[in-house]
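Encoded as structure tokens, the structure appears first; notes follow it.
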Amino acid sequence: MSTKTLLVTGGAGFIGTNFVRHVLTERPTWCIINLDALTYAGNLANFQDLAPDPAARHQFVHGAIQDSGLLEQLFTEESFDAIVHFAAESHVDRSILGPESFVETNVVGTFRLLEASLKQWRSRGKLENFRFLHISTDEVYGSLGSEGYFTESTPYDPSSPYSASKAGSDHLVKAYFRTFALPAIITNCSNNFGPYQFPEKLIPLMILNLMEEKSLPVYGDGKNVRDWLYVIDHCDALIRVLEQGKPGETYNIGGGAERQNIEVVNLLCDLFDSRLDRSTKKASRRLIRFVTDRPGHDRRYAIDASKIRRELGWSPAHNFEEALEATVDWYVNNMDWVELVRSGEYRKWIEINYGERE
Ligand code: NAD
Ligand code: DAU
């Protein structure tokens, strides 16, 4: 197994944290520099429980990807074998209420990171094995009707400021491959769930509200469909893409677990009912409230993951229902983490977003 130094951006967020922790275990010769601005979504406490690291395989740098001065300093001090780019503003509802930071981080930030990477790659003789891995989303493809799947050649048709900004960043990455031959790869992934997900997203929000017997806000008719993937399966796919993926290619990553939102919420209710042994059957489902829909709400996402399965031999290893139960366990057993991330800023967000929907 070869030694690698990775620059991971956004490595203190949900998927980034899981990726860093997974790589430290699964690839003992890899080292990580974790660059993160620690917005509301990033949390350094995610690494507090890790064993002391005498080899300094995980180092944290606090800063923003748009800061070209900081990038210049970082790229002068370190030679990277790969950039694994997670850093982004990631929540659709926030992009509707305040789109500007999405353009700044997702578009401008990605551009600055590409520039710094290109400069270093050229100065190191255009190393053949260098990789710029850009982590993107299936939302760039827009919405599906009740039939069909997103493939790597589905035309881009983003609906929200979030997905439009991610589409913009994908186009920049493609341009840096075509124009400058920077060895870049893009992955477009479906909805992730698992430990360390900030409780503004559907699954952790519902888990915490269920724990506290608060109402469960379901947008619209609850029949929008998402294709769920356990975050560790996503991390495995990304390692595979880093090791075997071909520069210039896009790989779609999906869980093959399409569920209507209301099905996911009902399942969580039933899980809580059986755990809490609530005497009345289906007691938790009474907490469900159908609230005003998200503007521009995409109806259905579903990934055709046959390319990554065929070419790189990846497919998800976790079953949706079992992984969901493990995720509930994680939140129930990590209330200290939950309290830490539910800052005053979090409460303000809940008031603004859900206040508007009542
Ligand atoms: P997240 O919001 O949990 O984490 C984002 C991280 O980026 C945070 O740690 C935050 O502090 C950091 N960050 C934000 N702005 C920054 C900046 N300007 N400079 C440096 N760091 C900054 O997001 P996530 O859910 O972990 O998603 C990670 C990536 O994966 C994103 O690019 C997202 O578009 C993509 N993605 C997410 C999902 C999903 O279901 N969560 C699915 C497909 C793709
Ligand atoms: O598809 C990949 C995308 O998945 C990622 O690119 C995004 O970063 C990630 O946030 C996620 O986007 P979604 O908008 O699909 O995820 P979210 O958890 O916000 O919502 C999932 C579905 O649940 C969606 O149809 C909206 C609905 N929903 C969401 C919330 C927060 C509700 O019904 N109620 C809610 O309170």
For this session: Select from segment 337-351 the residues that are surrounded by 14 or more Cβ atoms within 10 Å (Cβ to Cβ) and of a type outside the set (Phe, Trp, Tyr) and list them in ascending order.
Result: Val338, Val341, Arg342, Ile350
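On the given criteria, is Ala37 within 27 Å of Asp336 (Cβ to Cβ), open to solvent by 40 Å² or more (accessible area, probe 1.4 Å) and modelled with pLDDT of 95 or more?
Criteria met by Ala37.
I'd like the full set of residues that are among the polar types (S, T, N, Q) and at pLDDT 95 or above, limited to segment 1-27.
First, pick out the residues of segment 1-27 that are among the polar types (S, T, N, Q): 2-3, 5, 9, 17-18, 25.
Across segment 1-27, the qualifying residues are Thr5, Thr9, Thr17, Asn18, Thr25.
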Exercise. Looking at segment 201-219, which of its residues are open to solvent by less than 10 Å² (accessible area, probe 1.4 Å) and outside any helix (DSSP H, G or I)?
Worked result: Leu216, Val218
For this session: For residues that are over 17 Å from the mean Cα position of the chain (by Cα) and of a type in the set (Gly, Ala, Ser), scanning just segment 102-122, find the one that is surrounded by the most Cβ atoms within 10 Å (Cβ to Cβ).
Result: Ser117
Problem set entry | Whichever residue in segment 178-197 is open to solvent by 30 Å² or more (accessible area, probe 1.4 Å) and touching a Leu at 6+ places or on another chain (Cβ under 8 Å) and, among such residues, is farthest from ligand 2 (Cβ to nearest atom) | Phe180
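I'd like to check which strands (runs of 3 or more DSSP E) are fully inside segment 234-294 and have at least 1 residues that are surrounded by fewer than 17 Cβ atoms within 10 Å (Cβ to Cβ).
Where strands (runs of 3 or more DSSP E) fall fully within segment 234-294 and carry at least 1 residues being surrounded by fewer than 17 Cβ atoms within 10 Å (Cβ to Cβ), they are 258-260, 288-291.
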Problem set entry | Residue under evaluation Ile96, criteria (1) within 12 Å of ligand 1 (Cβ to nearest atom); (2) out of contact with any Asp or Glu (no Cβ under 9 Å at 6 or more places or on another chain), criterion not met | (1)
Exercise. Just wondering, is there one or more residues in segment 73-84 that are at pLDDT 95 or above, within 24 Å of Phe177 (Cα to Cα) and touching a Phe, Trp or Tyr at 6+ places or on another chain (Cβ under 6 Å)?
Worked result: yes
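The values are calculated or read from the model by the stated rules, or taken from the named source; none is laboratory data. Every value quoted in this text rests on a predicted model; they were computed, and no experiment measured them. Ideal geometry is used to build each Cβ from the backbone, glycine not excepted, and the neighbour counts take in all protein chains shown. Quick note on the areas: whole protein, heavy atoms, side chains included, nothing else; ligands and nucleic acids left out. Shrake-Rupley method; radii C 1.70, N 1.55, O 1.52, S 1.80 Å.
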